[in-house]
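Engineer: Input: one structure, supplied below.
The values are calculated or read from the model by the stated rules, or taken from the named source; none is laboratory data. Please read these numbers as outputs of a predicted model, since none were measured by experiment. Glycine also receives a Cβ, built like all others from the backbone with ideal geometry; neighbour counts cover every protein chain displayed.
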Amino acid sequence: MTARKAKRGGNSQKDNFNQNVPKKARSVLNKEFEKKIMCNDMLAKFVIDFLCIILFFSMDFLLLDNKKPLFCDIIKLQDKIKKQNRGVLYMLFSKNSLKHTATKSNTLNLHVVNKLEQVAQQVIHKKAVAKAVAKREAEPPVQQPTGEKLVDYSTTGKKRKWDLHKQNNLKLLELYKQAIKINPSVISPKRLQDLADCANQLEYLQDAEGNKKLYRTYFCRVRLCPMCQWRRSLKLFSQVSKITDYINQQNNNQVRYLFITLTQKNCCGSELVQEINKINKSFSLLVDKTKRVQPATKFKKMLLGYIKSTEVTYNPKTKTYHPHLHCIFAVQEEYFNKVNYINKNTWRAIWADLLKVDYLPQVNVQAIKPARQQKAVAELAKYPAKVSSILNLPQMQAVQVIIDLTTLCYKRRFVAFGGIFKKTKALLKLQDVEAENADLVGAGNIKEFNYVARAIYKYNVKFGCYISS
Ligand SMILES: [Zn+2]
């Protein structure tokens with residue numbers, strides 16, 4: 001309750017009293033009256049504060065497993081409030097009720113919140129300690145180091161090239177160290193350190209037969225890091241498999257897929273950002289059903305969804321970049337009827353029209369046969385590894401490419417989902433592979449893995465491989 005409301009409530013009593021009491025006495029009594037209202041107001045505030053605290057306590061206890069305890073918010077707010085000298089608990093409920101309240105009331109509130117903070121910190125600390133202890137107890141013991149080289153196979157029996165990716169990661173690190181001499185803002189010292197630390201130590205869970213499952217490691221998530229690009233590509237690959245599996249199940253295998261590469265002429269480094277923007281704009285004309293663009297109308301009728309992956313390759317001979325899009329389109333079965341089918345030459349004409357260019361750009365069109373649909377779609381959705389081919393160029397050339405690509409990556413996503421793909425991705429609650437907090441370890445549910453020990457492998461710079469240590 002605010003002071004204004006309390007005053008409004010007391011107005012009729014005040015009018016009667018004004019008519020019957022002499023002027024002097026009236027002013028004294030008036031002051032007394034105001035004081036009483038203030039007291040009532042403060043009492044009301046105290047009661048509200050008290051109720052709020054009870055509410056917060058009970059909510060935290062009820063939501064004990066909530067990842068972000070309510071107390072955290074209170075603590076953050078408390079700092080803000082202290083600085084602004086404003087009312088306290090009202091802020092938690094409604095931003096509109098933020099007003100200066102009486103000083104006494106403020107002290108009272110801050111005192112209460114201080115207490116609350118103490119308790120909250122204790123609760124948070126206890127929770128963190130309990131969680132850490134529980135985790136440590138659940139972990140199997142670390143195996144004695146054997147000094148052996150790491151050998152890691154995927155579920156399909158493919159050897160995982162950890163050594164190669166770490167070697168490339170270190171090559172990129174060297175290039176960045178040179179790049180900051182030219183352009184200091186290209187990467188921050190912290191991010192450079194992150195890059196150096198990327199996947200230096202791999203922790204595996206091991207079962208009785210010696211099968212391994214990656215359990216814990218640090219990935220830097222620097223956009224151009226070859227190690228992280230590889231991990232993202234694996235994640236994207238598995239996501240697309242899940243999505244297409246689901247779509248096929250739901251639609252009784254009636255959805256068909258096209259794999260199309262849309263290209264344009266090469267450009268130089270300074271034009272790269274502008275050209276990528278142009279290519280993306282043209283793509284949106286092709287797929288956005290709210291935009292009416294004549295050459296794309298026929299295709300849009302058949303289109304159910306898309307996955308778009310942007311790739312930029314570099315031509316060291318001409319020193320130019322080749323930005324292009326790899327797209328997977330989900331289309332209705334009727335796309336393959338004579339009336340709706342679009343042949344390769346028509347595709348080139350459509351794309352030229354959307355790009356607004358006077359030449360016929362290269363377009364690669366592939367229909368994916370239903371029999372090997374999911375596998376092919378997932379294979380094609382691999383995240384484009386842009387960097388590895390650049391790392392072995394002459395140093396100065398490579399450094400310039402790294403600077404150009406880093407500028408291009410700034411606040412930009414390279415993979416986009418639309419239509420049925422986007423909806424299914426949301427439905428299956430799949431993470432954004434390019435997000436800062438994306439899980440690139442992908443340990444999944446480790447309880448399903450019958451582990452008996454933990455094995456630790458560290459990258460050895462001298463030997464260029466991971467060794468059990
Ligand atoms: Zn990395």
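Engineer: Can you run down the residue pairs with Cβ atoms below 8 Å, 6 or more apart or on separate chains, where the first is in region 346-367 and touching a residue at least 60 places away in the same chain (Cβ under 8 Å) and the partner is crowded, with 16+ Cβ neighbours inside 10 Å and of a type in the set (D, E, K, R)?
Structural biologist: 355/278; 361/348; 362/348; 363/348; 367/256
Residue-wise test of (1) farther than 16 Å from residue 204 by Cα; (2) away from the ligand (no atom under 16 Å from the Cβ); (3) in contact with a Gly (Cβ under 7 Å, 6 or more places away or on another chain); (4) modelled with pLDDT of 95 or more.
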{"position": "140", "(1), (2), (3), (4)": "no, yes, no, no"}
{"position": "145", "(1), (2), (3), (4)": "no, yes, no, no"}
{"position": "154", "(1), (2), (3), (4)": "no, yes, no, no"}
{"position": "161", "(1), (2), (3), (4)": "no, no, no, no"}
{"position": "166", "(1), (2), (3), (4)": "yes, no, no, yes"}
{"position": "175", "(1), (2), (3), (4)": "yes, no, no, yes"}
{"position": "179", "(1), (2), (3), (4)": "yes, yes, no, yes"}
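Engineer: For region 268-278, give me the residue count where each residue is of a type in the set (A, V, I, L, M, F, W, C) and out of contact with any strand residue (DSSP E or B) (no Cβ under 6 Å at 6 or more places or on another chain).
Structural biologist: 1
Engineer: In region 147-180, what residues are over 28 Å from the mean Cα position of the chain (by Cα) and among the small types (Gly, Ala, Ser)?
Structural biologist: If the condition is that a residue be over 28 Å from the mean Cα position of the chain (by Cα) and among the small types (Gly, Ala, Ser), then 147, 157 are the ones that fit.
Engineer: Return the only residue of 416, 435 being free of Cβ contacts under 8 Å to residues at least 12 places away in the same chain and either more than 24 Å from residue 211 (Cα to Cα) or basic (Lys, Arg) (or both).
Structural biologist: The match here is 435.
Engineer: Also, I was wondering about something else. Which one is farthest from the ligand (Cβ to nearest atom) among residues in region 209-249 that are of a type in the set (A, V, I, L, M, F, W, C) and touching a Cys at 6+ places or on another chain (Cβ under 8 Å)?
Structural biologist: So, considering only residues that are of a type in the set (A, V, I, L, M, F, W, C) and touching a Cys at 6+ places or on another chain (Cβ under 8 Å), the one farthest from the ligand (Cβ to nearest atom) is 224.
Engineer: Within region 303-314, identify whether any single residue is more than 22 Å from residue 411 (Cβ to Cβ), hydrophobic (A, V, I, L, M, F, W, C) and in a strand (DSSP E or B), and answer yes or no.
Structural biologist: Checked against the condition, which is being more than 22 Å from residue 411 (Cβ to Cβ), hydrophobic (A, V, I, L, M, F, W, C) and in a strand (DSSP E or B), region 303-314 yields at least one hit.
Engineer: Also: Please return the ranges of strands (runs of 3 or more DSSP E) entirely within region 375-469 where 3 or more residues are surrounded by fewer than 19 Cβ atoms within 10 Å (Cβ to Cβ).
Structural biologist: Ranges flagged: 451-460, 465-468.
Engineer: What pairs can you find where one residue is in region 191-208 and more than 29 Å from residue 180 (Cα to Cα) and more than 10 Å from the ligand (Cβ to nearest atom), the other is among the β-branched types (Val, Ile, Thr) and assigned to a helix (DSSP H, G or I), and their Cβ atoms are less than 7 Å apart, with a gap of 6+ or different chains?
Structural biologist: Listed by first residue and then by second, the contacts come to 205/446.
Engineer: Say whether the condition of being within 20 Å of residue 271 (Cα to Cα), assigned to a loop (DSSP other than H, G, I, E, B) and over 34 Å from the mean Cα position of the chain (by Cα) is met by at least one residue in region 332-351.
Structural biologist: Checking region 332-351: not a single residue is within 20 Å of residue 271 (Cα to Cα), assigned to a loop (DSSP other than H, G, I, E, B) and over 34 Å from the mean Cα position of the chain (by Cα).
Engineer: Any idea which of (1) surrounded by fewer than 16 Cβ atoms within 10 Å (Cβ to Cβ); (2) over 19 Å from residue 459 (Cβ atoms); (3) within 16 Å of the ligand (Cβ to nearest atom) is the one residue 185 doesn't satisfy?
Structural biologist: Answer for residue 185: the failing condition is (3).
Engineer: Return the total of residues in region 127-143 being over 29 Å from the mean Cα position of the chain (by Cα) and either surrounded by 10 or more Cβ atoms within 10 Å (Cβ to Cβ) or not in a helix (DSSP H, G or I) (or both).
Structural biologist: 4
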